[in-house]
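Here's the structure, in structure tokens; my notes come after.
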Amino acid sequence: MQRIRPRIRPSMLLAGLLPAFVLTGSASAAVALLPAGSAAGSSTRAQPAAAIASGVRILASRHYGAPGNASGFSVVVAAGRGTTWALGGTNPGGLSSPVAARWNGRRLIQARLPAGLSGFLSDASAPAPDDIWAASRYGGYVLHWDGTSWSLSRRWAAGEITGLAAISATDVWVFGTTVNGSTGTGTWHFNGRSWSQDAAGVSPDLYRASAISRRDIWAIATSGGGDFIARYDGRAWRRVNTGSILAGVQLSDILAISGHDVWAVGNSETRQGTIRLVLARYNGTRWARVPTRLQAWAGRLAPGPRGRVLLTATPAHADAGGLILEASAAGWRPAVLVKSDLGCGVSDATLVRGTRAVLASGGILTRVGGNAIVWVQPAARTRHRADGDA
């Protein structure tokens, strides 16, 4: 079978929105979502199939630069109680400059970034409110926030930065490999004083990572032989045996919450060419899939409320919008489908510290260009239902 197309597809670059975006129509709302082949009114614990009553609404909207720019936030990260950062660019998909804004619980405050930077911020990691790291995939640089200002930590001359994992101000990892496994920026580590490259073993193949501690980091990797999971034990990166669970899956993201709670998401392709979402979990003993027949392109993972995980995705159908999903080992919670009148995309999501509210980043098209958006899905006030209940 032909391997799935690269993680960044041409349709995702439409109208200059972020690589995680696909554009759609209709008003912003939470709606019922039935996977392909499901009958209306049917119920199954394995599928995200019902509307979320609380819905989503726009929390903040920003436009950067010229009127024709399609501005967007590509990543949102909770840095502490009452502090969340949204990062992106003035015109992702075209000539762009990076942007960063801090939500303090009341308003979005624009931050000043170092001068002379191009591209957009595509990834971020926040060990503490005064220790935040951000990377530009195509700009090839890493920035650091020390609680007062943003500074340039390092700029690479060539290659892409596909992942960033910061454990502390003296323990930061950067990853850069292409989706077909060819040589890219590579894997680099910062010890608080200098950056050094790790080219041993599977290190050059690492794509994205998630850290539990400085001696326990999980990553997804890509090579000519297919994607795989790797784990760092404080000394070296080693390939993880996942059996057949992830065979043929193109991995998009990984989330390590503990040694017995690790998640990986990606896509598989049927013989008919249909794209399927794949979500798998490691419970400390074995890997298992969370069943779904949802046809959607996988996005980013994040810790969710009540021990669940959040997942952004883009439905494979051209007339759909950005998805915010929740899952646990028991199954799926109801899905949120985000739309806008002229088109939108959802890139990332995060749980607001100390609450069960979810913030999501992305962008919407306007009649002239596009605006960077932060959505909020408030914590549901309805009685909690068991995972998988419709």
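Read-outs throughout are calculated quantities, based only on the coordinates presented, and are distinct from any laboratory measurement. For clarity, every value in this text was computed on a predicted model and none was experimentally measured. So basically every Cβ, Gly included, is an ideal-geometry build from the backbone, and we count neighbours across all protein chains shown.
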Which of the peptides 154-166, 209-221 is most tightly packed, and how do the rest follow, going by the mean number of other Cβ atoms within 10 Å of each residue? 209-221, 154-166
Can you compute the FRET efficiency between residue 138 and residue 236 using 1/(1 + (r/R0)^6), with r the Cβ-Cβ distance and R0 = 25 Å? Round to the nearest 0.05. 0.25
Estimate the FRET efficiency between residue 200 and residue 118 by the formula 1/(1 + (r/R0)^6), using the beta-carbon distance for r and 35 Å for R0, to the nearest 0.05. 0.65
Distance (nanometres) between label positions extended 7 Å along Cα→Cβ at residue 95 and residue 368: 1.8
Search the structure for amide H atoms under 5 Å from the amide H of residue 344, placed 1.01 Å from N in the peptide plane, and list their residues when 5 or more places away or on another chain. 24, 365
Net charge over other residues, Cβ less than 12 angstrom from the Cβ of residue 289 (K, R count +1; D, E count -1): +4
All other residues with a Cβ under 14 Å from the Cβ of residue 81 taken together, and with Lys, Arg as +1 and Asp, Glu as -1, what is their net charge? +3
Between residue 153 and residue 353, the two model label points (7 Å from Cα along the beta-carbon direction) sit apart by a distance in nm of 1.7
Förster radius 30 Å - calculated FRET efficiency between residue 330 and residue 216 (Cβ-Cβ, nearest 0.05): 0.75
Can you tell me the length gained on complete extension of the stretch residue 58 to residue 146, counting 0.36 nm per residue apart and subtracting the Cα distance? 28.8 nm
State the extension gain, in nm to one decimal, for the chain segment bounded by residue 289 and residue 170, taking 0.36 nm per residue of separation less the distance between their alpha-carbons. 39.3 nm
Equivalent ellipsoid semi-axes for the stretch 102-142, as square roots of 5 times the alpha carbon gyration tensor eigenvalues: give them largest first, rounded to whole Å. 20, 14, 9
